[in-house]
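Enquirer: There's a structure below that I have some questions on.
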Amino acid sequence: MPESPLSMNEHWSPQYRYCTLCNVNYNFVIKFEEFETEMPSMYSIMGVQKFLNQNYWHNPTPENIYRSYFKTLSDDDIQNLYDIYKYDFELFGYEWSLT
């Protein structure tokens, strides 16, 4: 694991480094795992629903995906990941539990 989020590849770097929530008045902040249920409303408000294929995204159950990945990691590794992404958890309203 990297010692600092600053040394991470930009694809894995915590989102708080790129997301200026305090500086931009966003109209939408959508969690990826809620994409299918939240996007139709956003499409409608934007007036673009007729141009987009709303069935394009398929979202498997996030809990099943997370469990399959995390069961291969030690508790220390999982805690280290949380420490790296702690501000993302807080900014975007995710809950954290090691169990």
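Enquirer: Residues of the stretch 16-25 being without any contact (Cβ under 8 Å) to a residue 40 or more places away in the chain and surrounded by 10 or more Cβ atoms within 10 Å (Cβ to Cβ), which ones?
Expert: At the first step, the residues of the stretch 16-25 found to be without any contact (Cβ under 8 Å) to a residue 40 or more places away in the chain are 17-18, 20, 22-25.
If the condition is that a residue be without any contact (Cβ under 8 Å) to a residue 40 or more places away in the chain and surrounded by 10 or more Cβ atoms within 10 Å (Cβ to Cβ), then 17 is the only one that fits.
Enquirer: Next question, about the same structure. Residue by residue through the stretch 62-86, note down the ones that are of a type in the set (Asp, Glu) and touching a residue at least 40 places away in the same chain (Cβ under 8 Å). Step through it out loud before you land on a result.
Expert: Applying the first criterion (of a type in the set (Asp, Glu)) to the stretch 62-86 yields 63, 75-77, 83.
77, the sole residue that qualifies.
FYI, it's all coordinate maths here, none of it is from the lab. As the structure is a prediction and not an experimental result, all values here were calculated from the model. Every residue, glycine as well, gets a Cβ built from its backbone with ideal geometry; the counts of neighbours run over all protein chains shown.
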